[in-house]
Amino acid sequence: MNDMQAIILAAGKSTRFNTTTTKMITPICGKPMIFYTLDLCKQLDLPITLVVGHQKENLIQAVVENNYACSFVTQEEQRGTGDALKITQSSWQKDNLLVVNGDVPLITPQMIEKLYAEHIKIDATITFAIAHHDQPSASYGRVFDNPIRIVEARHFDQRADNYPWINAGIYLIKKEFLEKHIAHIQKNKNSNEFYITDLIEHASVQQEKIGMVYVDFQHVRGINTISELSVVERNHYQTIAQQWLDNDIFIKDPQTTLIDTNVVIGAGTTIEPGVQIKGNSIIGRDCTVGAYTIISNSIIKDNATIGPFAHVHTNSVLNENVCIGNFVEVKNSTIDAGTKAKHLTYLGDSTIGAKTNIGAGTITCNYDGKNKHRTIIGNQVFIGSNNSLIAPVTIKDNAMTAAGSTITNDVDEFTLAIARARQINKDGYVLHLKQRQEKIKTTETQ
Ligand code: UD1
Ligand code: CA
């Protein structure tokens, strides 16, 4: 396929997608929409031209920060998909141009290979992907015959089941044809836009060879609305869950388990219902992730037990055999092997050693209202229940803190810190109280 280059159309105004940021960087299963198409082209080793326009600064920044190699062409005014292709003309170098809509994220490399194989086999001028979709829909152009042409949804007034083939928005076009004919696309009178799809009718009328390749509709669902985003994301979460099941990860309820695209999970791990594993998280082998736990951009090493109802996030690293229990939040913290924090705890901005026990209800008080501070806890430390650890504070190896302590000063090795008010027991005081109350009652009733 080294006679092919990719042009991705991503300049559109996303008028049907009512959010403040461009839909192109909206995450789908934790990965920005446009990255799916960029990764597809990268996998196929194609040079990429990305057409940007609407919110181009945000889009370019996201693409550059993630080190995608591509050149950008700006479409100043969004005058349609035909115009978006036309303005890339100076970047046309290869004999065949793969033009892809940037809002169709689940295209597979196999689909492009199939498209290319057909294009070469029949020596087509244009080969495009079509899918079967006989439901009425505002999102897709429909394929008509004699001449072969696409009628856009907004101009389509027939029954969808009579024209069940939709244009998927993936085209392979000979450069030679494009150079001669791109200028012939006319502005559509109703919408004032130039349609890339008009090239198909134009080629068909010119008796040029046109290829059509059938693809699965689920892989070419376009995203114009939030509702379409929701369908694509849900389907993709199901696909990801199934892929992990096929790789020996025991996902107890794939319907309610949301694992993002970039997550990695080691064999033998069990994931209970309602779990979300987000961003670039890595889960080791033989871990248990309990019900309704959220793990986000964090690393969990082998044999760890997390949850149920735990929240581990913001670059936390939990080493082997760590045990994080219910209602425990871990943020931007490193916890060493074998340490346990089993109940109702917040560990934020902390570094915790190995085989340490964090008692129920421990809170690292990491924020003074202005700045965040770290809590450092050593190896084999025992933090008693209901401790407040006022950061910055260091508790060294083998130290202990008594239950109910508010720790403000560092604690040395093998030292016990008790930081709470001393208890006073008043002998017989309750009896005295009761007698007093009894006396008042008798006086009132007299
Ligand atoms: C388009 C196709 C339709 C097809 C569908 C598949 C046209 C005219 N119609 O419709 O036949 O079934 O995709 O999903 O092409 N864009 C630009 N500049 C513009 C306008 C759009 O770069 O001026 C980009 C958009 O950012 C988007 C892509 O082109 O990524 C497609 O545009 P969109 O407006 O979403 O086209 P659809 O109405 O979905
Ligand atoms: Ca679209």
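Values in this text are rule-based calculations from the coordinates and carry no lab data. On a predicted model such as this, the values are computed, not experimentally measured, just so you know. Because the Cβ atoms are built from the backbone with ideal geometry, glycine has one as well, and the counts that use them run over all protein chains shown.
Taking every DSSP beta bridge that has both residues in the chain, what percent is antiparallel when rounded to the nearest 5? Around 20 percent antiparallel, to the nearest 5. Its alpha carbons considered, segment 199-294 gives a radius of gyration followed by a Dmax of 19.4, 62 Å. With contributions of -39500 (n - 2.57) from each DSSP H run of at least four residues, the per-residue ellipticity at 222 nm computed over the chain stands at -6500 deg cm²/dmol. The residues neighbouring Lys396, those whose beta-carbon lies less than 10 Å from its own, together hold a net charge of -4 under the Lys/Arg +1, Asp/Glu -1 convention. Normalising by the residue count of segment 153-256, find the relative contact order in percent from Cα pairs under 8 Å and 6+ residues apart. The value is 13 percent. As a ratio to 2.2 N^0.38 Å, the alpha-carbon radius of gyration computed for segment 4-226 takes the value 0.95. Projected over every direction and averaged, the convex hull enclosing the alpha-carbon atoms of the chain yields 33.4 nm². Once the gyration tensor of the Cα atoms in segment 241-417 is diagonalised, the equivalent ellipsoid follows with semi-axes of 31, 15, 13 Å, ordered largest first. Maximal additional length on extending the Gln437-Ala153 stretch stands at 94.0 nm, based on 0.36 nm per residue less the C-alpha distance.
The angle between the Cα long axis of helix 33-43 and the longest principal axis of the Cα atoms of the chain comes to about 70 degrees, rounded to the nearest 10. Relative to the longest principal axis of the Cα atoms of the chain, helix 429-445 runs at roughly 90 degrees.
For the pair segment 162-214 and segment 225-301, the centres of their Cα atoms are 40 angstrom apart.
Translational diffusion of segment 254-295 was estimated from the Stokes-Einstein equation, with Rh taken as the Kirkwood radius over Cα pairs; at 10 °C and 1.306 mPa s the coefficient is 157 µm²/s.
Partner lysines whose Cα lies under 26 Å from the Cα of Lys86, excluding those fewer than 8 positions away in the same chain, are identified as Lys13, Lys23, Lys42, Lys56, Lys94, Lys114, Lys174, Lys175, Lys180, Lys187, Lys189, Lys209.
Angle of helix 56-65 to the longest C-alpha principal axis of the chain, folded into 0 to 90 degrees and rounded to 10: 70°.
Each principal axis of segment 12-59 carries a Cα extent, and these read 33, 24, 17 Å when sorted largest first.
The protection proxy used here, the mean number of other Cβ atoms lying within 10 Å of each residue, ranks peptides 195-205, 425-435 as follows, highest first: 195-205, 425-435.
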